[in-house]
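Each remark here refers to the structure printed beneath this line.
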There are 2 protein chains.
Amino acid sequence: MRDSLSPETREALVRAAHAAADAARAPTLRHFRQGIGADDKGAAQGRYDPVTEADREAERAMREILARERPGDGILGEEYGPLGGTSGLTWVIDPIDGTRGYLCGTPTWGVLVAVRDRQGPLFGLIDQPYTGERFEGGLGRARLAGPAGEVALRTARGRRLSEARLLTTFPEIGTPAERAAFDRVAERVRLVRYGMDCYAYALLALGQVDLVIEAGLQPYDVAAPIAVVEAAGGLATDWDGGPAHEGGRLLAAADADLHAAALALLQGA
Amino acid sequence: MRDSLSPETREALVRAAHAAADAARAPTLRHFRQGIGADDKGAAQGRYDPVTEADREAERAMREILARERPGDGILGEEYGPLGGTSGLTWVIDPIDGTRGYLCGTPTWGVLVAVRDRQGPLFGLIDQPYTGERFEGGLGRARLAGPAGEVALRTARGRRLSEARLLTTFPEIGTPAERAAFDRVAERVRLVRYGMDCYAYALLALGQVDLVIEAGLQPYDVAAPIAVVEAAGGLATDWDGGPAHEGGRLLAAADADLHAAALALLQGA
């Protein structure tokens, strides 16, 4: 259905996405570095999965905007239940991707907004309210708007695996088999850095790093990153080369050769 | 000798430190995210230790300022040879702490400037030019100046080990024994995050995290962080509780109880 969207609809989608990200800035910044406490959503599963009032406030603000601007679309968010739609389009939102980083005061968490159809994400935004950076991609757009102005997003090209810069949120996430597969790639690249959450995909789209590899992801973690990376010319698939927009394992690469090289090491994990 | 410093000298030291950090902003920002290449200083030792023209330009600019403002002081920097002094004071500078993060485009590297006597650091700055944040501590000062104004630096107090937030640049750095000791602490805290370099100590001083533990450090990695953390009320020692300003292993903690709890797990590593 993506090919049948009118120019007016495309414009409305982009506008609604920006409005939703705008709405998340005030609540996320108001609580940032203010000693906000976290509830543990994962306690019942024996793992720490923090959520804060900032996550909830921001998601409510985003849902309100989207329901008003795009009443026929569905909504899938991290903190509240899914909302069905009639248009065939679904908004996939994460008010704070990287709540752990947020709780530590790091400036690398992000607000994620994406809209998808059955095939996958059409358009996505990664917004970092503290640095004032917004990365967007899809529907013909691929750019960073930030304090220094606007920059086109374009992944780096032609770098070999042995020269590549790899980001991930590991080693906390993933099964032992996933960790072993990740290590096969990590051993062969030039440089590995951890802990960036969605900001890693933004840096890939900006041409600063070459690979992002993660596991244990949810649909709302991946929709906007996939849209931004693909719009910048990169590839984003699961660890077997298939679609990744339902979450799980994600391999994002700056170009096709690098994607193939990493895939060969991850496959079958 | 620190107790005999005149108010004029103290003021001159603070002024020179700020001037040196100011001088590093232009060269570090000019090359940031511009596809700058790196030389590998560590190739002869079989490890990757990148240095960029941004590191070298920034250190030259800082040395020039310090030699002019404080001609009797020594200088110890990451990229150029040590300069002896006559005053008993030595500047310890790192033009880009976290060159790997810098090469990946992350906003968590920093410019480090500190001045020390034989006992250790007297005053230090952690500057993040991209976010415009400057954390300073020592000689009666403890504050963050940033885009949102000024904030006093004060570590969090009274948090138990099981509630603590731990940052580090691991797992790339450290021997297997050091890694095992680190893991003993990591298993007991609430939350572990990686990859922050000097920004981790800034967040500790700001009360956002509770512990920073690293190994394999150089004197220029630790001088400014120690000054900032101590000025904010935290503790910074090696893994046996002794002075850490010569580098090696550093344990920085928000308060004395937390420091003791982490030390008990690290000692003898």
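The values are calculated or read from the model by the stated rules, or taken from the named source; none is laboratory data. Because the structure is a prediction, the values reported are computed rather than measured. In this analysis, Cβ positions are derived from the backbone assuming ideal geometry, glycine residues included, and neighbour counts consider all displayed protein chains. The protein model used for the area step is the full one, side chains on, heavy atoms only, and it has no ligands, DNA or RNA in it. Shrake-Rupley method; radii C 1.70, N 1.55, O 1.52, S 1.80 Å.
Structure notes:
- For the protein assembly as shown, projected area of the alpha-carbon convex hull averaged over all directions, nm²: 23.7 nm²
- Shielding by partners for peptide B:54-64, expressed as the average number of C-beta atoms from other protein chains within 10 Å of each residue's C-beta, is 0.
- Positive-end extreme of charge dipole, segment B:2-152 - chosen from B:Pro107, B:Leu76, B:Leu13 (charges on Cβ): B:Leu13
- Estimated dipole of the protein assembly as shown in Debye, rounded to 20 [Cβ of Lys and Arg +1, of Asp and Glu -1, Cα centre]: 300 debye
- Lys/Arg +1, Asp/Glu -1 at C-beta; chain B dipole; positive extreme among B:Ala253, B:Phe182, B:Val151: B:Val151
- Taking chain B as a Gaussian network of alpha-carbon nodes connected by springs under 10 Å, the highest mean-square fluctuation of the residues B:Thr175, B:Thr106, B:Thr237 belongs to B:Thr175.
- Highest-MSF residue in chain A out of A:Leu83, A:Leu112, A:Leu161 [GNM, Cα springs under 10 Å]: A:Leu83
- Helical segments meeting 27 Å axial Cα length and Kyte-Doolittle -0.5 threshold in chain A (DSSP H): A:7-31
- The trypsin sites (Lys or Arg not before Pro) of segment A:80-168 that DSSP puts in a loop, and whose beta carbon has at most 13 other beta carbons within 10 Å, are A:Arg118, A:Arg160.
- Reciprocal of mean inverse Cα separation for segment B:2-152 (Kirkwood radius, Å): 15.9 Å
- Coordinate range along principal axes, alpha carbons of chain A, Å, largest first: 48, 44, 37
- Rg and Dmax of segment A:161-266, Cα atoms only, in Å: 11.8, 32
- Teacher prompt: B:Arg68 distances to equivalent labels in other copies, 7 Å Cα→Cβ, nm: 5.5
- Counting charges near A:Thr9 (Lys, Arg +1; Asp, Glu -1) among other residues having Cβ under 15 Å from its Cβ returns a value of 0.
- Portion, in percent, of the accessible area of the protein assembly as shown that falls on carbon or sulfur, probe 1.4 Å: 48 percent
- Solvent-accessible surface (1.4 angstrom probe) belonging to B:His31, in square angstrom, nearest 10: 40 Å²
- Nitroxide proxy distance, nm - points 7 Å out along Cα→Cβ at A:Glu8 and B:Arg118: 8.2 nm
- The residues packed around B:Ala269, meaning those with a beta-carbon under 13 Å from its beta-carbon, carry a net charge of -2 if Lys and Arg are +1 and Asp and Glu are -1.
- Chain B and chain A together bury an accessible surface of about 3100 square angstrom, both sides counted, with a 1.4 Å probe and no ligands or nucleic acids included.
- Taking Cα centre as origin and charging only the Cβ of basic (Lys, Arg, +1) and acidic (Asp, Glu, -1) residues, the dipole magnitude of segment A:161-266 rounds to 260 debye.
- Antiparallel DSSP beta bridges within segment A:161-266, as percent of all bridges there, nearest 5: 55 percent
- A:Arg68 versus B:Leu29: modelled label distance in nm, points set 7 Å from Cα along the beta carbon direction: 3.6 nm
- Ranked from shortest, the separations from the 7 Å Cα-to-Cβ label point of A:Arg160 to its equivalents in the other copies are 5.4 nm.
- Charge dipole of segment A:2-152 (Cα centre as origin; +1 on each Lys and Arg Cβ, -1 on each Asp and Glu Cβ, all else neutral): 120 debye, rounded to the nearest 20.
- 10 Å Cβ neighbours from other chains, averaged over peptide B:257-269: 0
- Sum of -39500 (n - 2.57) over DSSP H runs of 4+, divided by residues of chain A (222 nm, nearest 500): -10500 deg cm²/dmol
- Potential lengthening between B:Arg15 and B:Asp40 on full extension [0.36 nm per residue; Cα-Cα distance subtracted]: 5.6 nm
- In the context of the full set of protein chains, segment B:2-152 has a per residue accessible area of 40 Å² (1.4 Å probe).
- Copy-to-copy label separations for B:Ala264, where each label sits 7 Å from Cα toward Cβ, in nm and ascending: 5.2
- For segment A:196-263, the set of GluC sites (Glu not before Pro) satisfying both a DSSP loop assignment and a count of at most 15 other C-beta atoms within 10 Å is given as A:Glu246.
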